[in-house]
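Engineer: First, the structure itself, so that you have it in front of you.
The values are calculated or read from the model by the stated rules, or taken from the named source; none is laboratory data. Note that this is a predicted model, so its numbers are computed, not measured. Note that each Cβ is placed from the backbone with ideal geometry, even for glycine, and that neighbours are counted across all protein chains shown.
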Amino acid sequence: MITISGKITDESTGEALPQANVYFSDRQGQILSDHQGSAADNNGNYTIEGNGAYITASYVGYTKETKPFKRSVDFKLKSGVNLKEVEVLATIDKKPRISKETVIVAGAVTGFAAIFGLLFYTNRIL
């Protein structure tokens, strides 16, 4: 088992990518089933222990990068995963979800009304 450390940053700005994922992988960047990953700290620094020929770093909104492992591996991820536009259509159901005639309201009556045992009935939903 070896320990690998490094830093994960944005390629264009050089800013750290906090909580970026890093894991041992195959050449295509697929995580190895017998290994656990790790995450970078708030400064983009990471340390991971394990065995494998490749190590991959990924971050939401960035293209993942896979490199052969060494004792120290720094990653500069490219921003700009192209997201496709999505159109959402919604319709409003005109039918009421609750029948006004079958609404039952339960609760406790306290104070003056409780002394006389008053009950209140309504057929309206307020």
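Engineer: Keeping to the range 1-50, report how many residues are of a type in the set (Ser, Thr, Tyr), part of a loop (DSSP other than H, G, I, E, B) and without any contact (Cβ under 8 Å) to a residue 60 or more places away in the chain.
Structural biologist: Of the residues in the range 1-50, 2 are of a type in the set (Ser, Thr, Tyr), part of a loop (DSSP other than H, G, I, E, B) and without any contact (Cβ under 8 Å) to a residue 60 or more places away in the chain.
Engineer: Look at the range 51-84 and say how many of its residues are among the charged types (D, E, K, R) and surrounded by 20 or more Cβ atoms within 10 Å (Cβ to Cβ).
Structural biologist: So the answer is 0.
Let's see how each residue does on (1) hydrophobic (A, V, I, L, M, F, W, C); (2) modelled with pLDDT of 90 or more:
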position	(1), (2)
THR3	no, no
PRO18	no, yes
ALA57	yes, yes
LYS64	no, yes
ILE92	yes, no
VAL105	yes, no
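Engineer: Within the range 53-69, can one find any residue that is touching a His at 6+ places or on another chain (Cβ under 7 Å) and touching a residue at least 24 places away in the same chain (Cβ under 8 Å)?
Structural biologist: no
Engineer: If you go through the range 70-88 one residue at a time, how many are assigned to a loop (DSSP other than H, G, I, E, B) and over 15 Å from ASN21 (Cα atoms)?
Structural biologist: Residues that pass the stated criteria total 11.
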